[in-house]
Amino acid sequence: MVLFRRLLGILALASAVFAQSGPVAIINVHVVDVVKGQVVPGQTVVLAGGKIAALGPVASTPIPAGAQRVPGDGRYLIPGLWDMHVHLRSDQAKPNTRIADENAATLDLFLPNGITGIREMGGDLADQIFQWREEIRTGKRSGPRILTAGRKLDNDPPAWAGSIGVKTPADAREGVRQMKQAGADFIKIYFRQTPVQVVRAVVEEAHRNNLKVTGHKPSNLSIQEFLETGIDGMEHAQYLVATDRADYDRMNAEFDRRRGKDWAADALEQQARLLAMQDDAEGTKVWKAMAGKQFWVTPTIHVSSQVMQDGTRNYDSDDRRRYIPPSIWASWDPKGFRKPIEGRALTLRKASQKRWDDVTVAANKAGVPMIVGTDCGSNNNYTMPGWSMVEEMEALVKVGLPPAEVLRMATVNPAKWRGELEREGTVDPGKVADLVLLRSNPLESITHTKEIEAVFQSGRYYPRSELDGMLQRAESKRNF
C-alpha cells in the first residue's frame, strides 16, 4: 500500500510539473504594492509566458481569449515569498548517514506555504542540491527556485560536514574558485575564529568571480573590522550587537592569553561580557555604516528563540509532523544535537535574545537592508521547512517591525539582494509571475500570509487543491 501511494504521488507530481500553462487572468483582485505598503483594489492581473503581461482596473484590462480565469474577489495578491536562509543537509549528529532523499522530499513543503524561492546556505549535499536546482529550473521537479552556496567555507577542520576547511588566504581563494566552478550562486562563510586576511581573501576572490559573500562573523573580529573586509552581509541578528572596538579587541586579547589555562573563558563568561559591553552609541555608527554600504542582514530571530524552547514544548502531536521525514524529525530531538538550555545559560540566552530583537529593530530603522530567513532544516529544532517562514515574519512583527516592512523583507528585498529587482519581487507588468493569492490582507496582519488560496510560479497556476496535493506527496514520501 505504501509503495502504491508513493507511485500515485510520483505520477501526480509528473502531471503537475509537465502541464503547460496558457494565459491566466486573476480577476478583480486586491494587489498589494509591497514597495509603498498599500493595497490597490479592483485589479485584473494577466499572466502569460511566465510573466505578468498586464495589470490594471477590471473595467479597462482586456482578458485574452481562452485565458484561465481565477476569481480574485476579496483576495489579496502579493509577490512570491523567499526564505533566504534554508539548510538542506544531513543530521550533524550522524555525519556518515546522508539523507538526500529526505531533504528532496521537503522541497514539496515550500510552495504550499507561498515560498517560491529559497537561498540554501550550504552543507553536505551540494551535488544533489545543484541537481535539484536544475530540475526545478527545467520543470522536471516541482519546488521553489533554489540559490545555493554549495559548500560553506570554514575553519580546518570544519564545524559542519561537507564544508571546505580553510587556514590561509590562499586556501580561501581556492575554496571560492572551487565553489564558483561547481556552480554556487554565492559564498557562505562559517569561521568561528580566523585571521582577518582570510576573510578579506574570500571577499576579494568572490567579488572577482561576481559572487556575493555572507555568513557568520568570526568571534575574534569586531563588527567594525568585519564590516571593513567588504563582505556583502551576514546572517543572524546576534552579530548586530555592537561594542566599542578597542574594548572588543582587548577582550579578545585577554581571552587569547587565557586560552588553554585552568582559568580560560568559557562560553557563559563570553556571553555575559558581550551583554555588559553593548554600546548603543557605537551601534548607531555601525548601523549607519552598514546602511551606507548596503550590507545585508538576515536576522533569523525565530530559530534562536525556538532553540531556547527545547524540552519545554512537546511537538509529538504537531500535525505537521506527518510531512517531515523521520530522519529530519529525529535531528530535532531536544535530547540530541541541541540540548535544552538551563540555569544561568538560559538566563543569559534570554537576555541576549532580547538584545538581538532590539538591535534588529534599531538597525532596520537606521536603514540596514534586511531579508527574511528562517534557518530551517535538520538540527535546528522544530524549525519546519515552509511553515517557519510565517513564524519568522510573525516574530519580526512581534519585536516591533511593521507588517509592511516585514513583507518587503520577504519579497522585494530578496529580489534586490539577488540583483533581480527589474524582473522580480513586485506585482508589476513585465515581471516574473511568482505570486501568492491570500484570503486576507497581510498589511493588516502578517499572519494572513498563511491564508493561501493559490500560488503562481512563473505563471504556472497552483490552486489550493494542487498545493494540498504537494503536501500529500510529502506525506507519502515519509517512509524512507
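The values are calculated or read from the model by the stated rules, or taken from the named source; none is laboratory data. Since we're looking at a predicted model, the values are computed, not measured. As a convention, Cβ positions derive from the backbone with ideal geometry for all residues, glycine included, and neighbour counts pool all protein chains shown.
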Could you tell me how many of the residues in the range 137-177 are over 30 Å from Asn113 (Cβ atoms) and basic (Lys, Arg)?
3
Residue within the range 78-95 that is over 22 Å from the mean Cα position of the chain (by Cα), at pLDDT 95 or above and in a strand (DSSP E or B) present:
no
What pairs can you find where one residue is in the range 81-96 and over 29 Å from Val455 (Cβ atoms) and surrounded by fewer than 24 Cβ atoms within 10 Å (Cβ to Cβ), the other is of a type in the set (Asp, Glu) and modelled with pLDDT of 90 or more, and their Cβ atoms are less than 8 Å apart, with a gap of 6+ or different chains?
Pro95/Asp124
I'm checking my understanding of the structure. Among residues of the range 315-374 that are assigned to a loop (DSSP other than H, G, I, E, B), among the aliphatic types (A, V, I, L, M) and over 26 Å from Lys293 (Cα atoms), which one is modelled with the highest pLDDT?
Ile324
Filtered residues of the range 48-80 (kept if among the hydrophobic types (A, V, I, L, M, F, W, C) and buried (at least 23 other Cβ atoms within 10 Å of the Cβ)):
Ile52, Leu77, Ile78
Quick one: in the range 137-193, of everything that is β-branched (Val, Ile, Thr) and over 16 Å from Glu204 (Cα atoms), which residue is surrounded by the fewest Cβ atoms within 10 Å (Cβ to Cβ)?
Thr138
Expected output for the range 24-47 (first residue buried (at least 20 other Cβ atoms within 10 Å of the Cβ), partner at pLDDT 95 or above and among the charged types (D, E, K, R), Cβ below 6 Å, 6+ apart or cross-chain) is Ala25/Arg69; Val29/Arg75; Val34/Arg408
For the range 453-480: of the residues being among the aromatic types (Phe, Trp, Tyr) and in a strand (DSSP E or B), which is farthest from Ala48 (Cα to Cα)?
Tyr462
Please verify whether the range 102-121 includes one or more residues that are of a type in the set (Gly, Ala, Ser), in a strand (DSSP E or B) and at pLDDT 95 or above.
yes
With (1) assigned to a helix (DSSP H, G or I); (2) charged (D, E, K, R); (3) touching a helix residue (DSSP H, G or I) at 6+ places or on another chain (Cβ under 7 Å) as the list, and Lys180 as the residue in question, which single condition is left unmet?
(3)
Looking at Pro442, Pro414, Pro403 in this structure, which one is closer than 28 Å to Ala363 by Cβ, touching a Phe, Trp or Tyr at 6+ places or on another chain (Cβ under 7 Å) and assigned by TED's automatic domain parsing to the domain that holds Ala105?
Pro414
Can you spot a residue in the range 421-433 that is assigned to a helix (DSSP H, G or I) and of a type outside the set (A, V, I, L, M, F, W, C)?
no
Scope the range 195-221; condition touching a residue at least 24 places away in the same chain (Cβ under 8 Å), within 25 Å of the chain's Cα centre (by Cα) and not in a helix (DSSP H, G or I); matching residues:
Asn209, Leu211, Lys212, Val213, Thr214, Gly215, His216, Pro218, Ser219, Leu221
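Would it be correct to say that Ile27 is assigned to a strand (DSSP E or B), closer than 22 Å to Gly143 by Cα and at pLDDT 95 or above?
no
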